[in-house]
Amino acid sequence: MAYDWDKARPPDSLRFFESKWAKRSDPLAYSGVWRFRELLPFAAPESVVTIGEGQTQLQCADAVAKFVGVKPGRLFLQYEGMNPSGSFKDNGMSAAFTHARAIGARRAACASTGNTSASLALYCCVTGLMRAVIFVGSGKIAYGKLAQALDYGALTIQIAGDFDDAMQRVKQVSQRLGIYLVNSVNPFRLEGQKTIMLRVLEALRWEVPDWIVCPGGNLGNASAFGKAFAELLELGLIPRVPRLAVVNAAGADTLYQLYHVRGVRWNDGEPDAAAIDGFFADMDRQKRRAETIASAIEINRPVNLFKCLRALAVCDGVVREATDQQIMDAKSRVGAGGYGCEPASAASVAGAKLLVEEGVIGADERVVCILTGHQLKDPTATVAYHTTDQDQFNKVLGSRGVKRAAFANRAVEVANDLDEIIRAIQLYS
Ligand code: F0G
């Protein structure tokens, strides 16, 4: 291709392009977290640890809006899968790392369903500042995430148990060995995660949407989002807060049971402790354990339960649960309409759809669903959804109550023969 450069008028110098994104070479301005550091002012600029997290996008997704039941132009997907480790965790990890370095930590640990551990492992190997020690439940972590931890060189401890078992152990171990804990019990993580909301507002030209919808696991995101909006309101930087919807997987629905079914509320800092304790006592007595295809949020005892109740109070929140069937169908619609996501992320879209069906979210309202993790984190679930192999479907999805793949895009098997290939393309396209 040849251009008529006289007409196209190229710039005189490559420096011209700098003006388009003026401060890109300053790591603090480049980071989608630290660009907002005046709103998380715990760290001196020179102490910040950043690897360029938070370059994420808000996409207006009309195909998904149709599935959810809101009007075109009203549904937005905040793609946190575009972070360096492929999930929203990098927002908080950058903040926790900044604090960990400031206090001279040499090792950092977490229990994880896979994304926190991938993020920790990445920050450790990129910065060389600390050694990562990660605890995962055996068989409880999607392959994409396990692959990351192993590749990044983290010391990976697989516990014969689930996330909650791993969480209990990592707390004990980090206390005993003096290892810095980066799970979202760490308040610095939540400071970093506040910036997800700042980027959403920025993309909407600082207009507050009507709804923020996010998946609920350990409830760090919901807590951080509530804190962000409470602070922005207090500072007079926004005129009102959006409503917050937190969506559990039906197989891991502690928040839904407590908030929606039993009516537990923040209650000015005094939630009904007896109701909460009773719920967990029942859970232990009945040996109920979380079980969902959305392995990222397969959690029994969310560590940020109290902070999340506060966020729900600040944002007039609602909590819903979505079945694995609803989650997988929503995930396939997200994939068909945009960049794709992992199962847990699609809980937000499945939940938004339920809330529209109930009339809680209006078809005219502006809704932002947070897509927390990248599509490639859990290829097993995606391939099982689209497969023609019934055994594979049953093993991965059927065993969790998913009956059909309503939006399956099945591969077409054809012999290695030109005529047959052409016939198949003509038949199916
Ligand atoms: N979505 C994804 C993709 C996640 O990895 C997680 C949590 C959540 C949603 C839930 O977010 O905890 O803030 O409510 N993953 C954690 C982990 C538990 O270990 O990676 P939350």
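The values are calculated or read from the model by the stated rules, or taken from the named source; none is laboratory data. The model shown is predicted, which means the values in this text are computed figures rather than measured ones. Every residue, glycine as well, gets a Cβ built from its backbone with ideal geometry; the counts of neighbours run over all protein chains shown. Heavy atoms of the whole protein, side chains included, go into the accessibility calculation; ligands, DNA and RNA do not. Shrake-Rupley method; radii C 1.70, N 1.55, O 1.52, S 1.80 Å.
Which residues, taken from the range 97-150, are open to solvent by less than 10 Å² (accessible area, probe 1.4 Å), aromatic (Phe, Trp, Tyr) and under 18 Å from the mean Cα position of the chain (by Cα)?
Scanning the range 97-150 gives a single hit, Tyr123.
Can you pull out every residue in the range 199-255 that is in a strand (DSSP E or B) and either open to solvent by 40 Å² or more (accessible area, probe 1.4 Å) or more than 16 Å from the ligand (Cβ to nearest atom) (or both)?
Trp211, Arg243
Hey, Tyr339 hits all of (1) out of contact with any helix residue (DSSP H, G or I) (no Cβ under 6 Å at 6 or more places or on another chain); (2) under 27 Å from Asp165 (Cβ atoms); (3) hydroxyl-bearing (Ser, Thr, Tyr); (4) within 16 Å of the ligand (Cβ to nearest atom) but one; which does it fall short on?
Unmet condition: (2).
Can you tell me which residues in the range 146-161 are under 24 Å from Ala290 (Cα atoms) and without any contact (Cβ under 8 Å) to a residue 12 or more places away in the chain?
Passing the criteria: only Ala147.
Within the range 289-381, considering only helices (runs of 4 or more DSSP H) that don't extend past its boundaries, which have at least 1 residues that are over 30 Å from Asp277 (Cα atoms) and in the same structural domain as Leu201 (by TED's automatic domain parsing)?
Output list reads 324-337, 343-357.
Filter the range 174-198 down to the residues that are hydrophobic (A, V, I, L, M, F, W, C) and away from the ligand (no atom under 12 Å from the Cβ), then identify the one that is most open to solvent (accessible area, probe 1.4 Å).
Among those residues, the one meeting the criterion is Leu177.
Can you find a residue that is assigned to a helix (DSSP H, G or I), more than 30 Å from Val383 (Cα to Cα) and more than 11 Å from the ligand (Cβ to nearest atom) anywhere in the range 106-113?
No: zero hits.
Is there a residue being within 21 Å of Leu233 (Cβ to Cβ), in contact with a Leu (Cβ under 6 Å, 6 or more places away or on another chain) and within 15 Å of the ligand (Cβ to nearest atom) anywhere in the range 289-302?
no
The conditions are (1) over 26 Å from Gly362 (Cα atoms); (2) out of contact with any Ser or Thr (no Cβ under 6 Å at 6 or more places or on another chain), and Asn218 fails exactly one of them. Which is it?
Only one criterion is unmet by Asn218, namely (2).
Please enumerate the residues belonging to the range 395-418 that are outside any loop (DSSP other than H, G, I, E, B) and open to solvent by 100 Å² or more (accessible area, probe 1.4 Å).
Lys395, Leu418
In the range 151-167, which residues are open to solvent by 50 Å² or more (accessible area, probe 1.4 Å) and in a strand (DSSP E or B)?
Once the filter is applied, which keeps residues that are open to solvent by 50 Å² or more (accessible area, probe 1.4 Å) and in a strand (DSSP E or B), the range 151-167 yields Leu155, Ile157, Gln158.
Exactly one of these conditions fails for Leu77: (1) of a type in the set (A, V, I, L, M, F, W, C); (2) more than 18 Å from the chain's Cα centre (by Cα); (3) surrounded by 12 or more Cβ atoms within 10 Å (Cβ to Cβ). Give me its number.
So Leu77 meets the others, but not (2).
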